[in-house]
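This report concerns only the one structure given below.
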Amino acid sequence: MTRDAFPTLPTRRDNPFDPPAALTEPYDALPLRRLRYPDGHLGWLVTGHALARTVLADPRFSARSEFKRAPVARPGIDPFYGAPALPGWLVDMDPPAHTRIRRRLAGTFTARRMKALRPRVEHLVDAHLTDMARTGPPVDLVSAFALPVPSLAICDLLGVPERTRPAFQQDSATLFSLTASAADAADAMERLDGLLRELTEDKRRRPDDGVLSALAQDGALSTEEIAGAGVLLLTAGHETTASSLSLGTFALLCHPEQFDRLRTDPALVDNAVEELLRYLTIFHFGVPRTPLEDVTLGERLIRAGESVTVYLPSANRDPQRFPEPHVLDLGRRTAGHLSFGFGLHQCLGQNLARLEMRVAFPALLNRFPGLSLAVPPDEVPLSADMGFYGVHRLPVTW
């Protein structure tokens, strides 16, 4: 392989908040490189912002799971990649199947629905911060705050009983683990799918104001499709925001000037959330795509069937798009970051994630202005072994 290639995807980080250095330089010459996949396939890695947008917006690059390969060893993905998409899993589909399901889910995360949900999110945030204060330091911010708030919010939105939360969190963690076996991942998916099918059938008989009920009453999707979409929304809908909240807090505590900036200027919160999303980019192993025909990309010929991984952390650190990209600057212009993807498959739940972060960060910083790490930064356990990057625990004090 030539110098503009990687024998495998680099994963070693020198800084907990930066992508591997080899993936962020040099952009000008190498925004597209060869990549050897774990199964031996020779494909491509996209690290530049402009090319990432191009691939994610081009319908010639398929999202179908039949063609997908993981760029890192991940046994738990084996039951799902290389096979047709599970019912309802629109992230593994192309139009028109993707369009049909996404259209039914489009009203789930509208600005109007998020506005109606905001008081509930504020209540969840306040209640968990009050519990933290009552318990007293030190506490693990992940288990006490960052994980339960988005978990309960997505349960409320979908109409999933709170009593199921411990079970679905455990199975969700298995699905996103890089070390879970294929059998463990398949079992976890079967349990989650069974739970959501049971709930969907119950909503048909006893409707409520949750999303599952609305889909069940609509009748346009089958029980299997509603359950599959429900599993996708339930698992990704809490894991991603939990990682963003905990890793974002870790980053702020390691950048005290930015911590103070956000705490003293409430008007900064919307932009601060976008900068944290850009700077951290928790979806850290990239988005898989496969060209259905030969495509010329960045003056390179990508053959039909060659796997392409769009590496979002690098795209969000591209200096041609974001000056001084390795600097955390809560006041920077963040428009165009790709943390929620781009194109047809842009994250359906991004409005909910933004709502939760916009409520949670100011409330946390204002309730505990003296918040600090309870351990040295290098003792914070990073979740590099998960599909979403973050921290397993974040011990804090105040």
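The values are calculated or read from the model by the stated rules, or taken from the named source; none is laboratory data. No experiment lies behind these values; they were computed from the predicted model shown. Quick reminder, even Gly has a Cβ in these numbers, built from the backbone with ideal geometry, and neighbours come from all protein chains shown.
Just the residues that are modelled with pLDDT under 95, assigned to a loop (DSSP other than H, G, I, E, B) and touching a helix residue (DSSP H, G or I) at 6+ places or on another chain (Cβ under 6 Å), please, taken from the stretch 371-390.
Selection gives Gly387, Phe388.
Considering only the stretch 275-313, state which residues are of a type in the set (S, T, N, Q) and either farther than 23 Å from Ser383 by Cβ or over 25 Å from the mean Cα position of the chain (by Cα) (or both). Quick ask: steps written out before the conclusion?
Residues of the stretch 275-313 that are of a type in the set (S, T, N, Q), as a first pass: 281, 290, 296, 307, 309.
Selection gives Thr290, Thr296, Ser307.
Check Ala182, Ala242, Ala236, Ala272 and return the single one that is within 25 Å of Ser383 (Cβ to Cβ), surrounded by fewer than 16 Cβ atoms within 10 Å (Cβ to Cβ), of a type in the set (A, V, I, L, M) and touching a residue at least 12 places away in the same chain (Cβ under 8 Å). Don't jump to the end; show me each part of the working.
Details: Ala242 fails: surrounded by fewer than 16 Cβ atoms within 10 Å (Cβ to Cβ); Ala236 fails: surrounded by fewer than 16 Cβ atoms within 10 Å (Cβ to Cβ); Ala272 fails: surrounded by fewer than 16 Cβ atoms within 10 Å (Cβ to Cβ).
From the options Ala182, Ala242, Ala236, Ala272, the qualifying one is Ala182.
Spot the failing condition for Asp260; the list is (1) free of Cβ contacts under 8 Å to residues at least 12 places away in the same chain; (2) part of a strand (DSSP E or B), and only one is missed.
Just one mismatch for Asp260, condition (2).
Of the residues Gly343, Gly298, which single one is closer than 16 Å to Arg53 by Cβ, modelled with pLDDT under 95, surrounded by fewer than 18 Cβ atoms within 10 Å (Cβ to Cβ) and of a type outside the set (A, V, I, L, M, F, W, C)?
Working: Gly343 fails: modelled with pLDDT under 95.
Answer to the check: Gly298.
Being under 28 Å from Leu297 (Cα atoms), within 20 Å of the chain's Cα centre (by Cα) and part of a loop (DSSP other than H, G, I, E, B) narrows it down to one residue among Ala85, Ala52; which is it?
On the way: Ala52 fails: part of a loop (DSSP other than H, G, I, E, B).
It is Ala85.
Which residues, counting only those in the stretch 267-318, are outside any helix (DSSP H, G or I) and closer than 19 Å to Cys254 by Cβ? Steps first, answer last, please.
Taking the stretch 267-318 first, the residues outside any helix (DSSP H, G or I) are 281-311, 316-318.
Within the stretch 267-318, Thr281, Ile282, His284, Asn316, Arg317 meet the criteria.
For the stretch 346-366, what are the residues that are under 16 Å from the mean Cα position of the chain (by Cα) and either over 24 Å from Gly230 (Cα atoms) or outside any helix (DSSP H, G or I) (or both)? Quick ask: steps written out before the conclusion?
Initially, the stretch 346-366 is screened for residues under 16 Å from the mean Cα position of the chain (by Cα), giving 346-357.
Scanning the stretch 346-366 gives Gln346, Cys347, Leu348, Gly349.
Looking at this structure, is Asp156 modelled with pLDDT under 95, assigned to a helix (DSSP H, G or I) and charged (D, E, K, R)? It would help to see each step written out before you state the result.
Details: modelled with pLDDT under 95: yes; assigned to a helix (DSSP H, G or I): yes; charged (D, E, K, R): yes.
Considered against the rule, which asks whether it is modelled with pLDDT under 95, assigned to a helix (DSSP H, G or I) and charged (D, E, K, R), Asp156 comes out as yes.
Which of the residues spanning the stretch 221-239 are modelled with pLDDT under 95 and either outside any helix (DSSP H, G or I) or not aliphatic (A, V, I, L, M) (or both)?
If the condition is that a residue be modelled with pLDDT under 95 and either outside any helix (DSSP H, G or I) or not aliphatic (A, V, I, L, M) (or both), then Thr235, Gly237, His238, Glu239 are the ones that fit.
Can you confirm whether Arg367 is surrounded by 15 or more Cβ atoms within 10 Å (Cβ to Cβ) and more than 30 Å from Arg120 (Cα to Cα)?
Details: surrounded by 15 or more Cβ atoms within 10 Å (Cβ to Cβ): yes; more than 30 Å from Arg120 (Cα to Cα): no.
Judged against the criteria, Arg367 is not a match.
Consider Thr179 carefully, then state whether it is assigned to a loop (DSSP other than H, G, I, E, B) and either among the polar types (S, T, N, Q) or farther than 16 Å from Val391 by Cα (or both). Outline the logic, then answer.
Numbers: assigned to a loop (DSSP other than H, G, I, E, B): yes; either among the polar types (S, T, N, Q) or farther than 16 Å from Val391 by Cα (or both): yes.
Yes.
So that you can scan it fast, the table gives a plain yes or no per residue for (1) of a type in the set (Val, Ile, Thr); (2) within 21 Å of the chain's Cα centre (by Cα); (3) part of a helix (DSSP H, G or I):
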{"residue": "Arg163", "(1), (2), (3)": "no, no, yes"}
{"residue": "Gln169", "(1), (2), (3)": "no, yes, yes"}
{"residue": "Thr174", "(1), (2), (3)": "yes, yes, yes"}
{"residue": "Ala183", "(1), (2), (3)": "no, no, yes"}
{"residue": "Met189", "(1), (2), (3)": "no, yes, yes"}
{"residue": "Leu199", "(1), (2), (3)": "no, no, yes"}
{"residue": "Asp202", "(1), (2), (3)": "no, no, yes"}
{"residue": "Asp209", "(1), (2), (3)": "no, no, no"}
{"residue": "Ser213", "(1), (2), (3)": "no, no, yes"}
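Give me the residue from the stretch 206-225 that is touching a Leu at 6+ places or on another chain (Cβ under 7 Å) and hydrophobic (A, V, I, L, M, F, W, C) and, out of that set, farthest from Ala116 (Cα to Cα).
Of the stretch 206-225, the ones touching a Leu at 6+ places or on another chain (Cβ under 7 Å) are 210-212, 215, 221.
Checking which are hydrophobic (A, V, I, L, M, F, W, C) leaves us with 211-212, 215, 221.
Details: Val211: 14, Leu212: 17, Leu215: 19, Leu221: 25 Å.
Looking at the filtered set, the residue picked out is Leu221.
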